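Asks: Before I ask anything, let me first share the structure, which is written out below as C-alpha cells.
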Amino acid sequence: MILVTGGAGFIGSHTCVALAQAGQPFLIFDNFSNSRRSVLDRLAQITGAPVPCVEGDVRDEALLARVLADHAITGVIHFAAFKAVGESVAQPLRYYDNNVAGTVALLRAMQAAGVRTLVFSSSATVYGDPASLPVREDFPTSATNPYGWSKLMMEQVLADVDASEPGQWRIARLRYFNPVGAHASGLIGEDPQDVPNNLAPYVAQVVAGWREALSVYGNDYPTSDGTGVRDYIHVCDLAEGHVAALRYLRAHPGLLTVNLGTGRPVSVLEMVRGFERASGRPVPYRIAPRRPGDVAACWADPSLAERLLGWRASRDLDSICTDAWRWQDGVARSLRG
Ligand code: UFG
C-alpha cells in the first residue's frame, strides 16, 4: 500500500488515478487545507472503487506512525506542502513549518516504521534563473523566496537522510516544471481557493468569465514573442511519472533526482491561443509590467527521466487546454455554485 500525502490536491489526485490504473493500492493522507473532500467521491467515480483516506497533518508524527503501521505502507508519495510564492514571502515561518518540518516529521515516522521508499515533489524553482536552456539535473540550484528555499531544504534533508543509511533508502526527488491540464473525464482538476497565481488556471477563469482579462506580465523578454516561456506539462503525464519513479525505486536503492517536463517551450501568448482554440472563445488580455522574480524562460531537458524511468510526456498543448477547459466549464464551475 502506498501512502499519498496531499493526495486530495491537484497533482496528488491525478497521481491517485495513475496508481489505480497501474493496479497499485494507495491510501490518501490529507488535511484538506487546500483541497475539498468531494474530490474523494470524484476519484471513486474515475477509478470505480472507494478511495481510502485518513484526514491528518504531516506534522502529526504520532498519527503518521499509526497509519504507516496499521495500513502496511511500503512507500510514500509526498505531495503535502504549501506552494504559493507570494504567500511564502509574507509568511515564511508557516512555509518552513508546514513544508520542511512536515517532511522531517514524515521521514522520522517512516524511519521508525522501517518504510524507506519516498517519491518527493520538488520543483524547477530550485534552478533559479538557469544560465542556459534546456535545464539539466546537474545545473546549480538556488532560491529567491521561502517557497523555493523550502523545496531546496527538503531536497537537502532527503539527500542527508539517504547518505546517513547508505543503500537503505529509495528516494526520488522529482523536479516538476509547470503542471497544468486536468483529467480527461473532467471530474478532477486544479481548483485554486483564491485568485490564481499561475497562468493556466487564471486564463481558464478569464475564459469562463470569472475574471475580466489576463495580465500578461511582460512582453519585452528575449523570447520568441517577448512573453515568458515555460515548460507546461499535462498533470496526467506528471502523474504517470510518479508511477514510473516508484517502479524504478523498486529496482534501484539510493537517491534519484530527475526533471519531469516536456522539453517543449511555450510562451504566455501561445498558451492564450491554446485556450482560445479549446474553448472557441477569445481570451481578453492586456500587457502588464514584468512580475518581480520571474525568469524569461525555463524548460526542461527531460532525457534523464526517459532514459532511467522509461517515461516521457505524451500530451500536447491542445490536450492540456482542452482538458483544462472541460474541467473549468464543468465541475469547477459547479463547485463555485
Ligand atoms: N503569467 C502571466 N500572467 C499571469 C500569470 C502568469 O503573464 O496572470 C506568466 C508569468 O509571467 C510566466 C508564465 O506566465 O511567464 C508562467 O507563470 P506561472 O505563475 O504559471 O508559473 P511560474 O513558472 O512563474 O511558476 C512556477 C511554479 C511555481 C514556482 C515558480 C518559481 O508554478 O511553483 O515557478 O518561480 F514557484
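Asks: Mind checking whether some residue in the range 283-298 is closer than 30 Å to residue 115 by Cα, within 16 Å of the ligand (Cβ to nearest atom) and modelled with pLDDT of 95 or more?
Replies: no
Asks: Turning to a different aspect of this structure: Considering the range 145-192 alone, what residues qualify as being within 16 Å of the ligand (Cβ to nearest atom) and among the hydroxyl-bearing types (Ser, Thr, Tyr)?
Replies: 147, 150, 176
Asks: Pairs under 6 Å by beta carbon, first residue free of Cβ contacts under 8 Å to residues at least 24 places away in the same chain in the range 145-165, partner exposed (fewer than 15 other Cβ atoms within 10 Å of the Cβ), six or more apart or different chains?
Replies: That search, which allows pairs on different chains as well, returns nothing.
Asks: Having 1 or more residues that are open to solvent by 50 Å² or more (accessible area, probe 1.4 Å) and either outside the structural domain of residue 38 (by TED's automatic domain parsing) or farther than 26 Å from residue 317 by Cβ (or both) is the bar; report the strands (runs of 3 or more DSSP E) wholly within the range 112-212 that clear it.
Replies: 170-176
Asks: Further question: When residues of the range 213-235 are filtered for being out of contact with any Lys or Arg (no Cβ under 7 Å at 6 or more places or on another chain), in a loop (DSSP other than H, G, I, E, B) and near the ligand (Cβ under 7 Å from one of its atoms), how many remain?
Replies: Here the count works out to 2.
Asks: Does the range 250-270 contain any residue that is among the hydroxyl-bearing types (Ser, Thr, Tyr), farther than 26 Å from residue 188 by Cα, within 16 Å of the ligand (Cβ to nearest atom) and surrounded by 19 or more Cβ atoms within 10 Å (Cβ to Cβ)?
Replies: no
Asks: Name, by its number, the condition in (1) open to solvent by 70 Å² or more (accessible area, probe 1.4 Å); (2) within 15 Å of the ligand (Cβ to nearest atom) that does not hold for residue 95.
Replies: Exception for residue 95: condition (1).
The values are calculated or read from the model by the stated rules, or taken from the named source; none is laboratory data. Here the structure is a predicted model, which is why all the values come from computation and not from measurement. As a convention, Cβ positions derive from the backbone with ideal geometry for all residues, glycine included, and neighbour counts pool all protein chains shown. Note: accessible area is taken over every heavy atom of the protein model, side chains too, but ligands, DNA and RNA are not part of it. Shrake-Rupley method; radii C 1.70, N 1.55, O 1.52, S 1.80 Å.
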